[in-house]
1. Only one of these is surrounded by 11 or more Cβ atoms within 10 Å (Cβ to Cβ), touching a helix residue (DSSP H, G or I) at 6+ places or on another chain (Cβ under 8 Å), touching a residue at least 24 places away in the same chain (Cβ under 8 Å) and closer than 21 Å to G147 by Cβ: I64, I74. Name it.
2. Can you tell me which residue is nearest to I123 (Cα to Cα) among those in the range 39-61 that are loosely packed, with under 14 Cβ neighbours inside 10 Å and among the small types (G, A, S)?
3. Just give me the residues in the range 72-99 being charged (D, E, K, R) and closer than 23 Å to M45 by Cβ, in sequence order.
4. Show the residue pairs meeting these rules: Cβ distance below 7 Å; 6+ apart or different chains; first residue within the range 136-163 and closer than 24 Å to E120 by Cα; second residue at pLDDT 95 or above and of a type in the set (S, T, N, Q).
5. Here is a list: Y105, Y121, Y56. Which entry is touching a strand residue (DSSP E or B) at 6+ places or on another chain (Cβ under 9 Å) and over 18 Å from V30 (Cβ atoms)?
6. Being of a type in the set (V, I, T) and within 12 Å of the chain's Cα centre (by Cα) narrows it down to one residue among T115, T72, T108, T84; which is it?
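The values are calculated or read from the model by the stated rules, or taken from the named source; none is laboratory data. Computed from a predicted model, the values in this text were never measured in an experiment. No Cβ is skipped: glycine too gets one built from the backbone with ideal geometry, and neighbour counts run over all protein chains shown.
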Amino acid sequence: MKFIKEIIPYVIILVVVILIRSFIVTPIKVNGMSMYDTLNGNEIMLLWKQKAVERYDIVVADLIVDGKKEDTLIKRVYGLPGETIKCEDGILYVNDERIDDPYAYGTTSDFEAVTLGSDEYFILGDNRSISLDSHIFGPVKKENIQGVTDFILFPFDQFGKVE
């Protein structure tokens with residue numbers, strides 16, 4: 001009986017950690033250079049699973065092709081549900097109004113207008129010349145967005161909130 005009393009706090013801690021990682025926040029690793037120069041690759045960041053998605057947030061999303069997960073992507077949100085987004089002459093427009101594009105590294109390739117559904121987002125990598133993103137594969141459904149990431153844990157010289 002003494003052994004059970006001693007182990008109960010550790011079991012509770014383990015359950016709490018599993019619940020937090022499953023439903024609230026978990027670490028993720030950045031792979032590739034598609035978010036340069038905001039992210040350089042190999043950063044360890046915190047992924048907030050319950051945070052509402054807003055324009056310019058950096059999100060982690062599953063790339064689904066033919067109903068199967070092909071890859072996990074880290075990109076920035078530009079188009080929100082119900083909006084129409086397009087790029088003409090390297091300039092982004094949402095609902096026919098020019099929007100700020102302060103994070104773009106390189107020129108944004110032109111794409112035709114895309115009207116997003118009530119559960120869809122348009123995501124772009126900051127490094128526009130090499131990014132595999134919505135201008136290539138189309139909108140991402142809300143259910144395929146794992147969460148929002150905005151805090152670097154490692155490397156320590158970059159520790160802190162990402163804008």
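1. I64
2. Checking each candidate, the answer is A52.
3. The answer is K75, R76.
4. That search, which allows pairs on different chains as well, returns V140/S134.
5. Answer to the selection: Y121.
6. Result: T72 is the single residue among T115, T72, T108, T84 that is of a type in the set (V, I, T) and within 12 Å of the chain's Cα centre (by Cα).
Here is a yes/no grid of residues against (1) out of contact with any Lys or Arg (no Cβ under 8 Å at 6 or more places or on another chain); (2) within 16 Å of M33 (Cα to Cα):
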residue	(1), (2)
E120	no, no
L124	no, yes
N127	yes, yes
D133	no, yes
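Residues are listed down the side, and each one gets a yes or a no for (1) in contact (Cβ under 8 Å) with a residue 40 or more places away in the chain; (2) of a type in the set (S, T, Y); (3) more than 28 Å from G79 (Cβ to Cβ); (4) part of a loop (DSSP other than H, G, I, E, B):
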| residue | (1), (2), (3), (4) |
| --- | --- |
| P9 | no, no, yes, no |
| I13 | no, no, yes, no |
| V16 | no, no, yes, no |
| Y36 | yes, yes, no, yes |
| L47 | yes, no, no, no |
| V59 | yes, no, no, no |
